[in-house]
Structure formats: structure tokens, C-alpha cells
Amino acid sequence: MKESKPLFTVGKEKAILMALAPDQRTLEKEVLPSLDELAALTETCGGEVVAVVTQLRPAREAAFYLGKGKIDEIKDLGAKLEADILICDDELTGSQMRRLEAMTGLRVLDRTLVILDIFAKRAQSREGKIQVELAQQEYRLSRLTQEEGELSRLGGGIGTRGPGETKLESDRRHIHRRINQLKNDLVSVAEHRERLRAARRRSGSYTVAVVGYTNAGKTTLVNNLCKADLTAANQLFATLDPAARKMNVTSEEIFAVTQDYSCYFAPVLVDTVGFIRRLPHTLINAFHSTLQEATEADILLHVVNAADKEAVRQFEVAEKLLRELGADKIPGIIVLNKVDLITSPEQQEQLAALTALAHHTTEAESSCVEISAKNGEGLSDLRRLILQRCYESRRSVLRRKRV
């Protein structure tokens, strides 16, 4: 497996972030929060955000994304702040990137490239590395197609065919071959993952997929419930490769739910990759087999960082992605995490809004629980709820078999 070259060099590179908004309201409600997230992504890659530039514009400028006046402003700002990189919060075309680089003197990236870079750093398993490279190659292919189109528009006479066009065609063929090879490799790895899931089903184990927005505290929760030692960190996409751990359950906990000492089961919790707004489709497609852990689970634990000021939007983004994956029909428990960090009246109001939203989503009050995975608050209620859901699922299966 080839190692990806990092976008950010050793040492902190200075980055300017940029974005468009059609109006002031969209800027404040959507674009600025998204830029805050892009800043966190940039810092996760090792960059340092030195400035943020926005422009109110009804639509992007086709050739340059921004207006030329704003580009001149960025060029001057970059020179003044000694910036290295310009990062766009929207996805750019290959030609837009090249033109912006020529006009500003800065290396130009977009949100998708930054996310791909983080995924490349985080991937540890063979499956993860294949998935990341597949997403990267598909991203490259779309840019090569645009470059070819640009060259073909330059003219049709002597000198416009030959070496340049031939090289592009050669590059495209090479990338197509690599994509096909990666897809074939991914099929065999996905088959192995499916065999593991089938083995869990045959053993009677219940699978609980732990899903949610990135940095919601999913890994810390799995560690606490399973007495595991998975790597948990306060950073975006700390977990990329799914990890399955058996929940540590006592006979007393089972009896409290089943009233039957002869009954025992221990659910398997699967820690999954976090979601993020505008997750690139290349990643969604490449990570299909990994995200399938959510669609094949018996129960979903949707973990929400209730202390984050964007918690409601993050909850909605995750729910939308779960619907797109076809996992919205799986019984779920909404876990409002990090309640120990909620101190202000504004945070209390947001927690109340999240609770109401969660109850509306799950249509059952018992399907929402407030916890702190860090200090253990509310975990006993969550454990009981997980076991209760598993037991109800087992009884439902038995009733269907009798019928």
C-alpha cells in the first residue's frame, strides 16, 4: 500500500481560510460555524489558521471562485501574514485551484483535501488505507477530467494535441486501473468483515454500533462500557478503523432486565468513524463497508456532544447520514454526552432542545439518556437501557420464529 504524502509539511504552516455566502444570515448561521470546523480540521492536520476571509456573493465565480478584488485582498494578506496555504471551505475544481495559486502565490487546498489528509494520517488497518487511497484517487480523477477539458478548449490546431493530451489520457488510465485494483482489494476485505458480522450473529451476540459526529466521545464511551483501552483523543477523526469490544456485563445487571438468572448475554459494541457536515461523497463511497457496521447493527447508540455550541446541527447531520445509509429504521438510543461541561444558561437551553429533538426522533422517552462518558455520570442508566433494548430485540425475534 502506497503511503500518501501529507498536505502539511513538518512544522506549522500558516493557513488562510476562505468561503462564500449568498447573504448575511447564511454567513452567520451556516458559513461561519462551518469555517470554525474547517479551522479545527486544519489544526488537526498541523496547520495554523492566521486569517479567515469571507465574501457575500450570490454564486461562486466560475473561473476563480471569488471575485478578483477579494483575491487581491487575499494576496496582500498572505504576504503580510507570511501565509503558506489558502484553504477553501467549498470544493474547488482543478482549474480554480491552479488559477488561485497563480494569483495569490499560495498553495491552494479545499475542505475535501484536508479531510482526506486527516483520514490518510489516521488509517491504521489495511482496509482503512485502501479506503482512503480509493477516495484520494477518485478525487484526483475528477480533477484530471477538468484539466483535460480545459486543455481541449485552448484550441484545435497544431500544438494543442500530442504530448499534453496524451499525458492526461495516460494519467487517467493509470488512475482508473488503480481505482479498479483498490475496489477489488476492498471487496475481499469487505467479505472478511461480513464473515465477522455473520459469526457474531451465529453466536447470538447483539451488535451495538456507536455512531455520531466526530469528537462526540464515542471511543471514551466504548472504553468505559467495555473496560477497553481503545485510543481516545479530543480531536477530529481520532477513530477511523472500526473496533469491536464486548460489553462488560454482570449477571445482576441481566437479571434486573430479564428477571431470569438463566439468561445471559453480552452485547458487542462497535466504535465507528465519526460523521462531519459535508462529508465528501468519495469518502462515503470508499468507506461503505465500514459504515455498513451501522446498517447491520441490532441497536444504534447515537452519541452527541451536548456541550458543543453546534450540537443541534451536528445531531441533524448525523441523523441525515444515517438515513442516507439506510440505518434510520434500526432501534436507537440517543446519548447526550459531556453533560458535565454544561454550565451556562445557553447550554442548558440547548440541552433541553436536544432532548426534545431526540424524543421526537426516537418516539420514545426512554430512548434518550444524558451522560458523561468521562466521569461516569448516567452510565448505569445507559447500560440498563442497552441491555433492555437487546432483551426486547431477542424476545421480538423469538415471537417471529414462533409465528
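The values are calculated or read from the model by the stated rules, or taken from the named source; none is laboratory data. Fair warning: this is a prediction, and the values are worked out from it, not measured in the lab. All Cβ positions, glycine included, derive from the backbone under ideal geometry; neighbour counts span all protein chains shown.
Across region 155-184, the number of residues qualifying as modelled with pLDDT under 90, surrounded by 10 or more Cβ atoms within 10 Å (Cβ to Cβ) and of a type in the set (A, V, I, L, M, F, W, C) comes to 1.
Considering only residues in region 113-147 that are closer than 28 Å to ALA63 by Cα and of a type in the set (D, E, K, R), the one that is farthest from the chain's Cα centre (by Cα) turns out to be GLU147. Taking only pairs six or more apart or across chains, which ones have beta-carbon atoms under 7 Å, a first residue in region 99-116 that is acidic (Asp, Glu), and a second residue that is surrounded by fewer than 21 Cβ atoms within 10 Å (Cβ to Cβ) and in a loop (DSSP other than H, G, I, E, B)? Cβ pairs passing all conditions: ASP110/ASP90; ASP110/GLU91.
Does LYS338 satisfy the condition of being at pLDDT 95 or above, within 17 Å of THR355 (Cβ to Cβ) and in the same structural domain as ALA244 (by TED's automatic domain parsing)? So LYS338 fits the description; yes.
If you go through region 61-74 and keep only what is part of a helix (DSSP H, G or I) and surrounded by fewer than 17 Cβ atoms within 10 Å (Cβ to Cβ), you end up with LYS68, GLY69, ASP72, GLU73. None of ALA123, ALA102, ALA198 is surrounded by fewer than 18 Cβ atoms within 10 Å (Cβ to Cβ), aliphatic (A, V, I, L, M) and at pLDDT below 85 except ALA198.
Does VAL50 qualify as being at pLDDT 95 or above and either assigned to a helix (DSSP H, G or I) or not assigned by TED's automatic domain parsing to the domain that holds GLN314 (or both)?
Details: at pLDDT 95 or above: yes; either assigned to a helix (DSSP H, G or I) or not assigned by TED's automatic domain parsing to the domain that holds GLN314 (or both): yes.
Criteria met by VAL50.
Within the bounds of region 110-118, is there any residue that is at pLDDT 90 or above, in contact with a strand residue (DSSP E or B) (Cβ under 6 Å, 6 or more places away or on another chain) and either surrounded by 15 or more Cβ atoms within 10 Å (Cβ to Cβ) or in the same structural domain as LYS75 (by TED's automatic domain parsing) (or both)? Yes; the residues of region 110-118 include at least one that is at pLDDT 90 or above, in contact with a strand residue (DSSP E or B) (Cβ under 6 Å, 6 or more places away or on another chain) and either surrounded by 15 or more Cβ atoms within 10 Å (Cβ to Cβ) or in the same structural domain as LYS75 (by TED's automatic domain parsing) (or both). The numbered conditions (1) at pLDDT below 90; (2) out of contact with any strand residue (DSSP E or B) (no Cβ under 9 Å at 6 or more places or on another chain) are all true for SER205 except (2).
Mind checking whether some residue in region 386-403 is surrounded by fewer than 16 Cβ atoms within 10 Å (Cβ to Cβ), more than 21 Å from the chain's Cα centre (by Cα) and either modelled with pLDDT of 95 or more or not in a helix (DSSP H, G or I) (or both)? Yes; the residues of region 386-403 include at least one that is surrounded by fewer than 16 Cβ atoms within 10 Å (Cβ to Cβ), more than 21 Å from the chain's Cα centre (by Cα) and either modelled with pLDDT of 95 or more or not in a helix (DSSP H, G or I) (or both). Within the option set LEU77, LEU27, LEU35, LEU92, being buried (at least 20 other Cβ atoms within 10 Å of the Cβ) and either of a type in the set (S, T, N, Q) or not in a loop (DSSP other than H, G, I, E, B) (or both) holds for one residue only, LEU35.
Out of the residues in region 38-60 that are touching a residue at least 60 places away in the same chain (Cβ under 8 Å) and more than 22 Å from GLY94 (Cα to Cα), state the one that is surrounded by the fewest Cβ atoms within 10 Å (Cβ to Cβ).
ALA40
Each residue in region 307-359 was checked for being part of a helix (DSSP H, G or I) and in contact with a strand residue (DSSP E or B) (Cβ under 8 Å, 6 or more places away or on another chain), and 14 of them qualify. Check whether at least one residue in region 55-72 is in contact with a Leu (Cβ under 6 Å, 6 or more places away or on another chain) and among the polar types (S, T, N, Q), and report yes or no. So far as region 55-72 goes, yes, one or more of its residues are in contact with a Leu (Cβ under 6 Å, 6 or more places away or on another chain) and among the polar types (S, T, N, Q).
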